[in-house]
Amino acid sequence: MLKSLLIANRGEIACRIIRTARAMKIRTVAVYSDADSNALHVRQADEAVHIGPSPARESYLVGDRIIAAAKETGAEAIHPGYGFLSENADFAQAVIDAGLIWVGPRPDSIRAMGLKDAAKQRMIAAGVPVTPGYLGEDQSPERLSREAEATGYPVLIKAVAGGGGKGMRRVDRAEDFADALASCQREAASSFGDDRVLIEKYILSPRHIEVQVFGDAHGNVVHLFERDCSLQRRHQKVIEEAPAPGMDEATREAICAAAVRAAKAVDYVGAGTIEFIADASDGLRADRIWFMEMNTRLQVEHPVTEEITGVDLVEWQLRVASGEPLPKAQDELAINGWAIEARLYAEDPAKGFLPSPGRIDHLALDHRIRVETGVEEADAVSPFYDPMIAKLVAHADTRDVARTKLMHALDQSYVAPLRTNAGFLFECLDCSEFALGQVDTGLIERAGEALLPAAELSQAVLDAAARRYRRDWLDWAGLDLNEQHRRAGLFGFRLNAAAKDTIDLHGRGGKGVGSTMGFDKPFGIASTMTSEGEILVTDRGVTYTFDQRPTTGGAAGAIGDGAILAPMPGRITAVEVAAGERVATGQKLVTLEAMKMEHGLTAPFDGIVAELDVEPGAQVSEGRMLVRVEKAE
Ligand code: ADP
């Protein structure tokens, strides 16, 4: 068995690999860029090596530096994780040439599956069904358009070197073909340096079904059943599960056997995934499932497979890389229950899912389910990399219980002040199609706004939060609406007064593309007060922040020393006193305008203005000392 391992990755997958390596008593070496100098994977590893500046091109993608780091630290092997260099055959070869162990398939297997057309040719030879279409050398527009015609519209033009959902164009009508081809070729040339394309039949009601395979260096290959990753946004996976809803035994057997044939066709060693596309217009049927591509690495969504099989896939990778045979034979593997994974991202659904990087001041994830993360509270989501915060993975005996657990977890977690997609994930899990297992890759696009989380917290939830914090937030109900707005003080948040009478907290009626299925249990309101006195309330996955810090100098903290601090960032609009002036309790000292509201800051006790450190018009940051009052003798 290996004694030491360098992980050529960052974030949650680096932490995930470190966890298993540690359990196997393998020494771990992390690598990191400038931005990651204090990242969780660096803190968790036994050793860490700096490999360059923040941009991945200058650090995590520089193979030579990573190999040098392994040499320097005496690491025996390199695990690439996913993304970055994981499917780079030249890097895999360089690792091997440097006398190190590559935790992954042979470089030739990576190459064989690297180009979509060559991979499909091999699969056809191995008897694996592939999507109907054209894979030829002749790339002339005339030939390609004739082949599109012969395949039958709609078709998908795909860059042979494509990946990550890039370099694909759906074409519905012959007259649109030429333009779509030209734009696909341009994108392919600029993104992959290769403008060749292939044509595929565009599958209507497509479902993304993939099979986890595993090979060892002794010629054994097993499968670990299928995953369903059909819930996608712009060809990116959002929620994944295992097994696939609606999969019968015969169909499962057929596609898993095809996946094993595919892996054997390229002498596959290690963890890999065979991705299939299914035409689900009439349920899942073996003769309507086709090979799409092979990912020659560990997948982001591998935990759902681990949950239903009880196998630690990283452990298997490390054993296989050490030369051991697969720990289990096919007939020792079985499906136990159901697992669903949601990818929690720092991104803002209200702004077209734009990344929302920054410091995570508050982070509480529900650890009653499996959480894979690369950050802790007070860490940052870096703008340089994928803005994933965590993967939340629920496992249960049945799909519906796993789904409900995951929704519950989203509803019991807080992330602030970053915007996240948690509310969107919640709505996806709650929508009736997902609840019924009727998901195809177009669901999110068709649903559109219906899956976007509410912009406003319901009055009922707000009232409940106010009730919970009654001692701090006295007689909320008695306040007029303006005062409620003022206290809500939420960034960009408005009270949803109209909903006041219609939302029943315990009914928590659903919205969106269908009714709520199963999620009708009153979970209570997840709310917490931070040390700064903000109240965080999570509802349907969305964390709302209320600033209820005292707006007068009469705050408990101020009474002792008489220092009046800015309770929030804002602008000083008036200074009512002068240094040395005698003031009485409650007398207004300065006025701060913040969030379009004026806050009068008053003297906490009778005394003298000992310090005055602001003038009208000054912009002040939160916590800045403005005035200090000293007790009069
Ligand atoms: P990439 O390598 O860029 O990820 P894939 O070939 O894996 O591209 O396809 C990505 C996604 O595009 C699939 O998960 C599926 O949603 C969609 N897709 C791919 N091929 C087809 C097809 N023939 N018909 C319909 N949708 C497809």
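Each reported figure results from applying straightforward, stated rules to the coordinates on display, with no laboratory input. This one's a predicted model, so the numbers in the text were calculated from it and none came from an experiment. Reconstructed Cβ throughout: ideal geometry from the backbone, glycine too, with neighbour counts over all protein chains shown.
Once phi is turned into ³J(HN,Hα) by the Karplus curve 6.51 cos²θ - 1.76 cosθ + 1.60 with θ = phi - 60°, what whole-Hz value does each residue of the stretch 383-394 show in order, with x for glycine and proline?
Rounded to whole hertz, the list is x, 7, 10, 3, x, 6, 9, 6, 10, 10, 10, 10.
Residue-wise, which Karplus ³J(HN,Hα) couplings in Hz belong to the stretch 320-333, taking 6.51 cos²θ - 1.76 cosθ + 1.60, θ = phi - 60°, and x for glycine or proline?
5, 5, 7, x, 6, x, 4, x, 9, 8, 3, 6, 9, 9
Taking the Cβ of each residue in E615, E376, E200 as the centre, tally the other Cβ atoms inside 10 Å and list the residues starting with the fewest.
E615, E376, E200
List the residues, sorted by chain then number, that are 5 or more residues from D606 or on another chain and whose placed amide H is less than 5 Å from its amide H.
Placed amide hydrogens put T585 under 5 Å from D606.
Full-extension gain between S281 and E332, please, as 0.36 nm times their residue separation minus the C-alpha to C-alpha distance.
15.0 nm
Using a basic spin-label model with each label point 7 Å from the Cα along Cα→Cβ, how many nm lie between E315 and R43?
About 2.7 nm, to one decimal.
How large is ³J(HN,Hα), in whole Hz, for each residue of the stretch 567-584 in order, when computed from phi with the Karplus curve 6.51 cos²θ - 1.76 cosθ + 1.60 and θ = phi - 60°, using x for Gly and Pro?
My calculation for the stretch 567-584 gives x, 7, x, x, 10, 7, 9, 8, 10, 9, 10, 10, 4, x, 6, 7, 10, 10 Hz in order.
With label points built 7 Å along Cα→Cβ from the Cα atoms of L452 and E581, find their separation and express it in nm.
Placing both labels 7 Å beyond Cα along the Cβ direction yields 4.8 nm.
Give the long-range amide H neighbours of M292: residues separated by 5 or more places, or on another chain, with amide H under 5 Å away, using H modelled in the peptide plane at 1.01 Å from N.
Placed amide hydrogens put E275, F276, I277 under 5 Å from M292.
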